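See structure below.
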């Protein structure tokens, strides 16, 4: 097996009295697409900043491309591409200049930078926006430009912190498509997200993080298999009646979760569950059957839904 | 340490590129403001003073005030570039975070930003010097050169103080206070428009501590009052000392803030 490009052992990060990352272990293989899934405040971004060799760990071991980030920060950063959670493009520069200036920080020759940025403008579907100001771009375009910027140095590892948060569905899909292409080209991707569908789309393997700890690890499909049933029946009886309806449904399916707005019944066959609900004389206001998702895995592992 | 390392030059190039859009405004300001000041002070107020037969240590008012106006332009220009834009670089547009995701170091970011501001300060200084020459404010060519030299020292040393403070604070209200109660008083009470010894003795130490006073007074001493030329080496050492202390502090603060 090839050496992992990222290896973390008992990784800890403390801010004064607050322990944001509480001793986590994981490895990322070259060419892999690795996800960190968890709610806001789980320690994902803090972990990403340590991997990005910009934030020093409090304790534990961390190796990026065989180097220690607290010793070889600049050498590691030279081989990373970074897309931070909040866009930090330079508003005073045009679209193409943002790529140009950034490429120069890596010591890349002016001519190579100019050639490379043309290809990346194309990749980010921003060719006709090359002379626009950043303020004139939509949220999705800014995000794509930030991604293109992160690729200027042809990184060995590409770090994306919540790449699609705040984007509309269409913009998200365009972005996923671009990231999917990178995956196909063999770029190692590390991404954080609190969207289950994003993790399912983009990650080969992921860790579920909550309160600075790893709750589970595996491929999205394996995690769903391990922690959830095949299907879920969702029924709503109105916020006042959900609790009493759940009592009447005890014993139905493998497991029942009562959320403030709905009841989730986990089972192999969701349609059968709905029939059983009706047989028990209960009439939900709305009902649906869906496949289990990482959201259900998270709910099972933490007792909370991902976006509270 | 390579003072002008690749990373430092990349930061300077980036900042120059980002400022090219407001170059027109900057140029108008660096040209029009000295013309207005010189006309009001040198020609207007100066002729009143000179008409009374008064001189300052044997020097006409225009010659007296010229080095102070040039040096204070350097000071105010770097302050403008190294206060709000620094805090903003951490808090608002996060431009430093973007720079630090690349191989360059916090020290290179500090130097690049400081040198860029100093280049701007020096551009304004040179324009001002030429305008002063047109008004007949220099007694000699050397005098103008000394003024540019001390303006550069002032830009670097005062600039790094502004950068250091702005990298440390979290709120821009502190910068507003600093500008109103430190920068402006320094501009007004550093022997700029009147000789320091006209102030009560207990206020004069403010002038001696002021980087602006050192730059201005050393230029005057070297140009007009050779018996006071001993001040120049002291001022040079003083300004370099300020620069060194605040440079080291700034690198520390930048490193801490970026690696949090």
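Quick notes
- Residues (touching a helix residue (DSSP H, G or I) at 6+ places or on another chain (Cβ under 8 Å) and surrounded by fewer than 20 Cβ atoms within 10 Å (Cβ to Cβ)) located in the stretch A:263-280: A:280
- Residues of the stretch B:190-218 that turn out to be assigned to a helix (DSSP H, G or I) and under 20 Å from residue B:236 (Cα atoms), as a count: 15
- Number of residues in the stretch B:208-251 that are surrounded by 16 or more Cβ atoms within 10 Å (Cβ to Cβ) and closer than 20 Å to residue B:78 by Cβ equals 21.
- Among the residues of the stretch A:149-160, those identified as under 16 Å from residue A:190 (Cα atoms) and touching a helix residue (DSSP H, G or I) at 6+ places or on another chain (Cβ under 7 Å) are A:151, A:158, A:159.
- Candidates in the stretch A:14-45 are the residues that are within 22 Å of residue A:158 (Cβ to Cβ) and within 14 Å of chain B (Cβ to nearest Cβ); of these, the one that is surrounded by the most Cβ atoms within 10 Å (Cβ to Cβ) is A:21.
- Of all residues making up the stretch B:1-39, the number that are buried (at least 17 other Cβ atoms within 10 Å of the Cβ) and away from chain A (no Cβ under 14 Å): 5
- Picking from residues in the stretch A:50-67 that are part of a loop (DSSP other than H, G, I, E, B) and more than 10 Å from chain B (Cβ to nearest Cβ), the one that is nearest to residue A:84 (Cα to Cα) is A:57.
- The stretch B:40-125 holds helices (runs of 4 or more DSSP H) entirely within its bounds, and those carrying 2 or more residues that are modelled with pLDDT under 95, away from every other protein chain (no Cβ under 14 Å) and over 11 Å from the mean Cα position of the chain (by Cα) map to B:46-51, B:61-82.
- Scanning the stretch A:79-93 for residues that are surrounded by fewer than 19 Cβ atoms within 10 Å (Cβ to Cβ) and in contact (Cβ under 8 Å) with a residue 12 or more places away in the chain returns A:79, A:85, A:91.
- One residue from A:122, A:128 being more than 10 Å from every other protein chain (Cβ to nearest Cβ), part of a helix (DSSP H, G or I) and modelled with pLDDT of 95 or more: A:128
- Residue in the stretch B:130-152 that is nearest to the chain's Cα centre (by Cα), counting only those that are crowded, with 16+ Cβ neighbours inside 10 Å and under 15 Å from residue B:224 (Cα atoms): B:147
- Flag if residue B:195 is touching a strand residue (DSSP E or B) at 6+ places or on another chain (Cβ under 6 Å) and at negative phi: yes
- The condition of being out of contact with any helix residue (DSSP H, G or I) (no Cβ under 7 Å at 6 or more places or on another chain), farther than 23 Å from residue B:93 by Cα and assigned by TED's automatic domain parsing to the domain that holds residue A:193 holds for only one of A:135, A:122, that being A:122.
- Residue A:200 being over 30 Å from residue A:2 (Cα atoms) and in contact with a helix residue (DSSP H, G or I) (Cβ under 7 Å, 6 or more places away or on another chain): no
- Set A:254, A:197, A:210: member being surrounded by fewer than 17 Cβ atoms within 10 Å (Cβ to Cβ) and under 25 Å from residue A:40 (Cβ atoms): A:197
- Scanning the stretch A:68-106 for residues that are within 21 Å of residue B:260 (Cβ to Cβ), more than 9 Å from every other protein chain (Cβ to nearest Cβ) and not in a helix (DSSP H, G or I) yields a count of 3.
- Residues being touching a helix residue (DSSP H, G or I) at 6+ places or on another chain (Cβ under 7 Å) and farther than 19 Å from residue A:302 by Cα - total across the stretch A:14-49: 1
- Screening the candidates A:157, A:108, A:174, A:112 for the property of being more than 16 Å from residue A:81 (Cα to Cα) and modelled with pLDDT of 95 or more yields one hit, A:112.
The values are calculated or read from the model by the stated rules, or taken from the named source; none is laboratory data. If you're wondering where the values come from, they're calculated on a predicted model, not measured in any experiment. So basically every Cβ, Gly included, is an ideal-geometry build from the backbone, and we count neighbours across all protein chains shown.
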